[in-house]
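Here the structure is laid out as C-alpha cells; the discussion comes afterwards.
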Ligand code: SF4
Ligand code: SF4
C-alpha cells in the first residue's frame, strides 16, 4: 500500500476519536474558566493555565500547522464545528446563496479583531469565556437555521483566516479525475456513509483548499478511492487562479493594514498624524482610527496601483483587482506568521531580540521572493509586472524598516520618587512614560497609570504585580518591593512588550 493510501486510511479511522478529544479539552477549558480551578488527578488546572493553553499554545501553533496541515483544525478538532453539527441535527436549516454573501466573513473578521483589541481578550478569562460562549451559541443557532456547515463558511473568523492561508498549504483534498469522470453516482455530493460536503464544495472538481475543512466526509463517501488527501504544490491554486473573489483579494491586502498597527512604529506613525491634525480621538475610538486609517491606506494604494495596471494591460479593473491581491498572499502570510508567532510565544520562550529580528528578516525575504515569483508568472505585460513588483518592494521595505529593533520613540524618561510621592505614568501604544522609575525598598509605592488608548496591562512579573489598564481611564497600582534590584515592567498583551511597552523599576 502506498504511503498516501495508508495515511488516508488512518485519517478515516481516527477522525471521530480526535474530535471527541478536542471537545473534552474545550469543555475542560470552559469549566476551568467558570470554576477557577479543576482537578485532574493530583494536578490543579487553573484558569491561568487554561489561558496559557488557549493563547500561548493553541493560537500560535494553529498558525504554525497551517502550512503543513491546511484547515485540518476545522475538520478534526474544532469544537464549534461539533456544536454547529449539533444544531444541524436539531433542524435541517435553510440553504442560502452563500456565494452572494462571501464578503461577510472578511468584514466579521475585522470586527472581531477590533473587539479583541479594545477588550483585552488575551488577558481576561471573563472576556475569553464570553467569546467562547458567544461563538458556541452562534454555531448552534446557525446550525439550526442554516444548512450544513455555513457557520464555518460565513461566520467563523478563525476559519476565515485559516481558509485564506490554507491556499498555501502543502496538503489538500483532491480527486482522481479519471475515476470521477466515470462515476455517475456522485456520492461525495449526495452523501452516503457520511453527510455530503458541509461546505458545499463541488468535490469532483475540487482544486482549492480554501473552503475545505479536511473533514474527510467525501473521502468516506467515495467508494472508488478517488477523493483523497493529497500532497499539493503550495500556492499552485493561486497560479491557476482558482475560486478568486474580489472580497478575498481585498481582505489579503487589508491584513497588511492590520499587521502594520500591531507594530509600535506603525501605531506611532499614525499617532503622529493624529497630533499633526490635532484630531480629538481618544480611548477605543483611537484604536478604531488606527484600524480605519491603516487598512484604508493599504487598500487605497493597492486600488491606485490596480487602476494604473488595468489601464496599461487594457483589462477590466474589477478582474485585475480580483486577482492581483492573491499574489501578495505569501508575503502577507509571512508577516502575519511572525507577528502572531513571536508576539505570543516570544515572551514565554524568552527569545533574544537578535534571534527574533533575524528570524523575521529571513521569513520576510522568503515570503517576499515567493510573492515575486507569483507576480512574475502571472503577468505577461512588462509594465504591469514592474508596477506590481514596485508595490511588493514597498511592502517589503516597509516591514524591513519596522523590523529594525530600535523603537522610534527611543527617549527614556526617568523619575526618582521620594517616599509618599505618587508616580504619575502614561500608558499608550506602544510604550510607558516614564519608563525608568527609581524607588526605595520596603516602601509602599503608589502609581497612577493613565491609559491613553485601548486596553493594556501593567505587569512586574518578579514582584507579582499584575493590573489590567482599561482603555481611556486611570488605574491605581500599589505595591511594596521587598528586595533591591532592577525589575522589568511590561504590558503582557501578546506582542506589546516586543513592540516597546516595557520599562524598569530600580529598587534601591
Ligand atoms: S469523488 Fe468519488 S463519489 Fe465523488 S464523483 Fe469522484 S468517484 Fe464519484
Ligand atoms: S471537500 Fe471533502 S474534506 Fe473538504 S469539506 Fe468537503 S467533504 Fe469535507
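The values are calculated or read from the model by the stated rules, or taken from the named source; none is laboratory data. What you see is a predicted model; the values in this text were computed from it and never measured. Here the Cβ is made from the backbone with ideal geometry for all residues, glycine too, and neighbour counts use every protein chain on show.
Given the condition near ligand 1 (Cβ under 8 Å from one of its atoms) and in contact (Cβ under 8 Å) with a residue 24 or more places away in the chain, answer yes or no: does some residue in the stretch 229-238 qualify? No, that holds for no residue.
Name the residue that is farthest from the chain's Cα centre (by Cα), counting only residues in the stretch 173-184 that are part of a loop (DSSP other than H, G, I, E, B) and more than 6 Å from ligand 1 (Cβ to nearest atom). My answer is 184. May I ask you to verify whether residue 197 is more than 11 Å from ligand 2 (Cβ to nearest atom) and either outside the structural domain of residue 63 (by TED's automatic domain parsing) or within 11 Å of residue 227 (Cβ to Cβ) (or both)? Here the answer is no, as residue 197 does not meet what is asked.
Within the stretch 343-372, no residue that is in contact (Cβ under 8 Å) with a residue 24 or more places away in the chain and not assigned by TED's automatic domain parsing to the domain that holds residue 333 sits with its Cβ atom under 7 Å from a residue that is loosely packed, with under 15 Cβ neighbours inside 10 Å and in a helix (DSSP H, G or I) at 6+ positions apart or across chains.
Per-residue answers, yes or no, for (1) under 30 Å from residue 453 (Cβ atoms); (2) surrounded by fewer than 20 Cβ atoms within 10 Å (Cβ to Cβ):
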site	(1), (2)
86	no, yes
124	yes, yes
133	yes, yes
149	no, no
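Within the stretch 22-44, the set of residues being under 28 Å from residue 69 (Cβ atoms) and at pLDDT below 85 comprises 22, 23, 40. Give the residues of the stretch 185-212 that are free of Cβ contacts under 8 Å to residues at least 40 places away in the same chain, in a loop (DSSP other than H, G, I, E, B) and surrounded by fewer than 20 Cβ atoms within 10 Å (Cβ to Cβ), sorted by residue number. Correct list: 185, 186, 191, 192, 193, 194, 202, 207. Answer yes or no as to whether residue 440 is closer than 27 Å to residue 271 by Cα and surrounded by fewer than 17 Cβ atoms within 10 Å (Cβ to Cβ). Considered against the rule, which asks whether it is closer than 27 Å to residue 271 by Cα and surrounded by fewer than 17 Cβ atoms within 10 Å (Cβ to Cβ), residue 440 comes out as no. Among the residues of the stretch 276-316, just one is part of a helix (DSSP H, G or I), under 26 Å from residue 474 (Cβ atoms) and without any contact (Cβ under 8 Å) to a residue 12 or more places away in the chain, namely 285. Filtering the stretch 144-172 to residues that are in contact with a helix residue (DSSP H, G or I) (Cβ under 7 Å, 6 or more places away or on another chain) and part of a loop (DSSP other than H, G, I, E, B) leaves 148, 149, 155, 156, 169, 170. The set of residues from the stretch 358-377 being surrounded by 14 or more Cβ atoms within 10 Å (Cβ to Cβ) and in contact with a helix residue (DSSP H, G or I) (Cβ under 8 Å, 6 or more places away or on another chain) comprises 359, 360, 361, 363, 364, 367, 368, 370, 371, 372, 374, 375. Would a scan of the stretch 53-67 turn up a residue that is more than 15 Å from the chain's Cα centre (by Cα) and in contact (Cβ under 8 Å) with a residue 60 or more places away in the chain? Looking for residues that are more than 15 Å from the chain's Cα centre (by Cα) and in contact (Cβ under 8 Å) with a residue 60 or more places away in the chain, one finds none in the stretch 53-67, hence no. Only one entry of 279, 258 meets the criterion of being surrounded by 18 or more Cβ atoms within 10 Å (Cβ to Cβ) and either within 10 Å of ligand 2 (Cβ to nearest atom) or within 30 Å of residue 431 (Cα to Cα) (or both), and that entry is 258. Residues considered: 141, 129. Of these, the only one that is more than 13 Å from ligand 1 (Cβ to nearest atom), surrounded by fewer than 22 Cβ atoms within 10 Å (Cβ to Cβ) and at pLDDT 95 or above is 141. For the stretch 463-470, does any single residue satisfy the condition of being part of a loop (DSSP other than H, G, I, E, B), at pLDDT below 90, on the phi > 0 side of the Ramachandran plot and in contact with a strand residue (DSSP E or B) (Cβ under 7 Å, 6 or more places away or on another chain)? No: zero hits. Here the condition is being more than 13 Å from residue 74 (Cβ to Cβ) and more than 6 Å from ligand 2 (Cβ to nearest atom); of 202, 211, it holds for 202 alone.
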